[in-house]
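Below: the structure, in C-alpha cells.
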Amino acid sequence: MNHITSEATVISSLLNNRYKVQYYQREYSWKTKQIQELIEDLTNEFFENYEEGHTQEDVEHYEGYFLGPVIMTKDKAIIDGQQRLSSITLMLIYLNHLQQSLDQQVDLNHLIFSSKFGKKTFSINVPERKDCLESLYEKGKYEEKENDTESVINLTNRYRDIEVLFPDDMKDDKLLIFIEWLIEKVVLVEINANSEQDAHKVFVAMNDRGLRLTPVEMLKGYLLSEIKDNDTRNKINDLWKYRVLSLKELEKDGDTDFIKTWLRSQYAESMRVGKRDSEKKDFEIIGDAPHKWVRENRERLGLLKSRDF
C-alpha cells in the first residue's frame, strides 16, 4: 500500500469538495437513533464551550470536536464515511432554512452544493438522490415517489427527524454561533488512498482488528465479578447471554438501547442544564457510559451484597 495520507479537516473544508459514492456502496441507512445521537453529541459538546453573551467571534477560541474518520480515494470516491457526511449535509440544509428568519446568516450554500451552468451538484454527489436533496434545500420537504430508493426514503425521513429533534433552545441567538462552531470546529480525519483497493485495505484494517468491549459487555463483567458463588455466577451468565441475544434479534444495538432506557426510566433523577460548563447528570452519564454509572451508584441501586448483584 503506497501513498496513504491523512489530515484533520473541519467541515467547512471537507464539504467544500464534491464526493461520489460508488454504485456497490451500501445505501444511506441511518435511522432515527443515529440522528438523535449525532444531534445530542454535537449540542452537548457545543454547550461545553458556549456562555451567555458569546458571539460568533468567540467561536475562534472554542474547543474542537472529533467526529470520526472518512476514507476516500484521490478522485474523491468515499469508501467509508458517507453515512456521516450525508447526515451532516441534511443538518446543514435544515440549519440553512432555520437561519433565514435572522437578520444575518452564515453562508452554507457552498458546503451543500456547487452550481455550474444552472445545475446544482451536491456535496455527496449521487444522481438518484439529487431530486430529494434539491427539494429539501428549496422547500424543506420532499414528496416521496413510488420508485424512490432506500437512500432517498431514509434521507427524507432523517430530515424530518432533524426537524423534530433539534433543540428549541438552539433556535434563538445561539443558532449562528452553533453553525459557526459546527463548520469550523467539528473535525474529521480525512484518509486518502491512491487507489480504491488501498482505500478498502485501510477500511478493513480499521474495522477488523481487536473489537472493543461494548458498555453492555463491561456492565456484565462488573456485575458477574461481584457474585461470589461460582454456580450462581454461571447461571446468571447464561441468563444474561439469553436475554441479550433476544434483544439483539430485535435490533442490532437492542441490548445497549434497552439497558440505557431502563436505567434512565428507573433511576435518572437529573438532567444537564444547557449551558457551558454545566455538569453532566444522570441522564447524560447513563447515555454515555451506563456501566460506569451503575458502578458509581451501586448503593443507590441497592447493590450491597453478592446476592443483590
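The values are calculated or read from the model by the stated rules, or taken from the named source; none is laboratory data. The structure presented is a predicted model; accordingly, all values stated were derived computationally and were not measured. Here the Cβ is made from the backbone with ideal geometry for all residues, glycine too, and neighbour counts use every protein chain on show. The area values use the complete protein model at the heavy-atom level, side chains included, leaving out ligands, DNA and RNA. Shrake-Rupley method; radii C 1.70, N 1.55, O 1.52, S 1.80 Å.
Residues being in a loop (DSSP other than H, G, I, E, B), of a type outside the set (S, T, N, Q) and more than 22 Å from Leu133 (Cβ to Cβ) are represented in segment 65-85 by at least one member. When you check Val294 against the structure, is it aliphatic (A, V, I, L, M), modelled with pLDDT under 90 and surrounded by 15 or more Cβ atoms within 10 Å (Cβ to Cβ), yes or no? No; evaluated as a whole, the condition is false for this residue.
Within segment 141-154, residues that are in contact (Cβ under 8 Å) with a residue 24 or more places away in the chain and assigned to a helix (DSSP H, G or I) reach partners that are open to solvent by less than 30 Å² (accessible area, probe 1.4 Å) and not hydroxyl-bearing (Ser, Thr, Tyr) with beta carbons closer than 8 Å, at six or more positions or on different chains, in the pairs Ser151/Val126; Ser151/Arg129; Val152/Arg129; Val152/Cys132.
Screening Ser114 with (1) closer than 21 Å to Ser29 by Cβ; (2) at pLDDT below 90 gives one miss only, at (1). State all residues of segment 157-196 that are open to solvent by less than 10 Å² (accessible area, probe 1.4 Å), part of a helix (DSSP H, G or I) and over 28 Å from Asp75 (Cα atoms); if no residue qualifies, say none. Scanning segment 157-196 gives Tyr159, Ile162, Met170, Leu175, Ile177, Phe178, Ile179, Trp181. Checking each residue in segment 28-67 for being under 30 Å from Glu150 (Cα atoms) and surrounded by fewer than 17 Cβ atoms within 10 Å (Cβ to Cβ) picks out Ser29, Lys31, Thr32, Lys33, Gln34, Gln36, Glu37, Glu40, Asp41, Phe66. Looking across segment 71-103, the residues that are closer than 30 Å to Asp169 by Cβ and hydrophobic (A, V, I, L, M, F, W, C) come down to Leu85, Ile88, Leu90, Met91, Leu92, Ile93, Leu95, Leu98, Leu102.
Just give me the residues in segment 86-127 being among the small types (Gly, Ala, Ser) and either assigned to a loop (DSSP other than H, G, I, E, B) or free of Cβ contacts under 8 Å to residues at least 60 places away in the same chain (or both), in sequence order. Listed by number, the residues that qualify are Ser101, Ser115, Gly118, Ser123. Are any residues in segment 213-235 assigned to a helix (DSSP H, G or I), more than 20 Å from Lys260 (Cα to Cα) and not charged (D, E, K, R), and if so, which ones? Selection gives Ser225, Asn230, Thr232, Asn234.
Scanning segment 136-174 for residues that are closer than 14 Å to Tyr28 by Cβ and either in contact with an Asp or Glu (Cβ under 9 Å, 6 or more places away or on another chain) or polar (S, T, N, Q) (or both) gives Tyr142, Asp148, Thr149, Glu150, Ser151, Val152, Ile153, Asn154, Thr156, Asn157. Being without any contact (Cβ under 8 Å) to a residue 24 or more places away in the chain and closer than 18 Å to Thr9 by Cβ is the filter here; which residues of segment 41-59 pass it? The answer is Glu45, and nothing else.
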